[in-house]
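The values are calculated or read from the model by the stated rules, or taken from the named source; none is laboratory data. Everything numeric in this text was worked out from a predicted model, so none of it was measured. Positions of Cβ are generated from backbone atoms using ideal geometry, with glycine treated the same way; all protein chains shown enter the neighbour counts. The accessibility values were calculated without ligands, DNA or RNA, using every heavy atom of the protein model including side chains. Shrake-Rupley method; radii C 1.70, N 1.55, O 1.52, S 1.80 Å.
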Amino acid sequence: MKLRRLFALLLVVAFSPVTYAADGNARQLPGTAHPPGTAIASAHELATQAGFEVIQQGGNAFDAAIAVSATLSVVEPISSGLGGGGFFLLHDGKTGKEVFVDARETAPAAATQDKYLNADGSFNRDRAENGAWAAGIPGLPAAFVHLAENYGRLPLKTSLAPAIRVARDGFPVYARMARGYAARREVMERYKGTRAVFLVNGKPPQEGDLFKQADLARTLERLAAQGYDGFYRGETGKKLLAGVKADGGQWTAAELAGYRVREREPLKFKYNDWQVTTAPPPSSGGVALAQMLQILDAFDLSKLDETQRTHLVVESMRRAFRDRTFYLGDPDFVDIPVKTLTSPEYAAGLRATIHPH
């Protein structure tokens, strides 16, 4: 089993319709800026199409987010998947509610520090990055159930239908996928499971090949039909536990069935005249973004030449990622000084350390 971590940004925004005058020209209501339709951005055309398909069936932005993310799990095996976790930053246009859904994968109880050391006490990077000991308890399937039950309009079966169809019928292998597999070929072909999925007559996927994933389609079907229990218990749960055990890992049925999604308050800060709403920990991106933009807030970047502008942006990034290394982690286990790290005063102090030349 291999670990797949989902760090995908899903932009699924359902816009309110504009009003139309008697002459047929669109007009915005005072104080609004709403395009007349739906905008979906994803990393693959089929995932974007899945989102529109669900919208056309009466779904809302949250249903579309499920469809997009699930389809990415099928068509982007090199970067996302049901075996990993997910973050969803949600905005409800009707109520104004904003919430961060934390569905990151969690470490099994057996994953203690000593499990990642060699006999001489040195760090075993391979075990930490590949195989069953690199895998966490998946969070993304639980996120789909949570979104559908709490925010969507459609049953999960409808939102997952496009992903199930693409997994069953296949899609053409694209250049980036073929390159990604080639870069990880040695690791991928160590394991019986990945060999069965990715190799056809012993050959790795090539651009233009039709790539089908029948087992993944069946896994998605069980999730669609049975919800949470369709992944974390029952047939899929048993298969997960057996696969981890066969590769020497140690998961328990209780911790698999005990996975729960967390809802957290989004992180908010000001940049120029904008209020930015972004992801809080355990995502590190929101804190880093707050630091970088607030450092840059004192500069009129449009009036600087390219060299000076690049210099300031890079230096703001260096400081944010330095703090990311020292302070950021999972807030359930680590005390993170978020208020300090994201304050304008702290940003001013970091800004003062940047040499202008």
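For region 265-320, what is one quarter of the convex hull surface built on the Cα atoms, given in nm²?
If I average the Cα hull's projected area over directions, I get 3.9 nm².
Using the charge dipole of the chain (Lys, Arg: +1 at Cβ; Asp, Glu: -1 at Cβ; taken about the Cα centre), state which of Ser42, Leu89, Gly227 has its Cα farthest towards the positive end.
The listed residue farthest towards the positive side: Gly227.
Any chance you could list P(r) for the chain, counting all Cα-Cα pairs in 20 angstrom bins from zero, rounded to whole %?
25, 54, 20, 1
Using label points projected 7 Å from each Cα along Cα→Cβ, tell me how many nm separate Asp300 and Ala254, to one decimal.
Those two pseudo-labels are separated by 6.4 nm.
Which one of Ala214, Met292, Ala64 has its Cα pushed farthest toward the positive end of the charge dipole of the chain, where Lys and Arg give +1 and Asp and Glu give -1 at the Cβ?
Among Ala214, Met292, Ala64, the one farthest towards the positive end of the dipole of the chain is Ala214.
Provide the solvent-accessible area of Leu240, counting protein heavy atoms only and rolling a 1.4 Å probe, rounded to the nearest 10 Å².
Result for Leu240: roughly 30 Å² accessible.
For region 62-119 and region 263-301, what is the separation of their C-alpha centers, rounded to whole Å?
What the calculation gives is 21 Å, centre to centre.
In debye to the nearest 20, how big a dipole does the chain give about its Cα centre with +1 on each Lys and Arg Cβ and -1 on each Asp and Glu Cβ?
Here the chain has a charge dipole of around 720 debye.
In nm, give the distance between the simple-model label positions of Ala214 and Glu45, each being 7 Å from the Cα along the Cα-to-Cβ direction.
2.8
Out of the chymotrypsin sites (Phe, Trp or Tyr not before Pro) in region 309-346, which ones are loop residues according to DSSP with at most 10 other C-beta atoms within 10 Å?
Listed in order of number, the matching sites are Phe333.
For Lys203, what accessible area in Å² do you get when you roll a 1.4 Å probe over the heavy atoms of the protein chains, rounding to the nearest 10?
140
Would region 143-229 count as rounded, prolate or oblate if I go by the C-alpha gyration tensor, calling it rounded below 1.5 in a/c and otherwise prolate when a/b exceeds b/c, oblate otherwise?
Taking the square roots of the gyration eigenvalues as a ≥ b ≥ c, region 143-229 is prolate.
Using a Gaussian network for the chain with springs between C-alpha atoms less than 10 Å apart, which of these wobbles most: Lys303, Lys97, Lys268?
Lys303
Quick one: if the Förster radius is 25 Å, what FRET efficiency do Ile78 and Ala109 give, using the C-beta to C-beta distance and rounding to 0.05?
Efficiency at R0 = 25 Å is approximately 0.30.
Leaving ligands and nucleic acids out of the surface, order Lys192, Lys239 by accessible area at 1.4 Å, largest first.
Lys192, Lys239
At a probe size of 1.4 Å, how large is the accessible area of Arg233, to the nearest 10 Å²?
100
Using alpha-carbon pairs under 8 Å, 6+ residues apart, how would you state the relative contact order of the chain in percent?
Relative CO of the chain lands at 15 percent.
If you stretched the chain out fully between Ala225 and Val276, how much longer would it get, using 0.36 nm times the residue separation minus the C-alpha to C-alpha distance?
Net length gain for the segment: 14.6 nm.
For region 114-160, report the % of Cα-Cα distances exceeding 12 Å.
69
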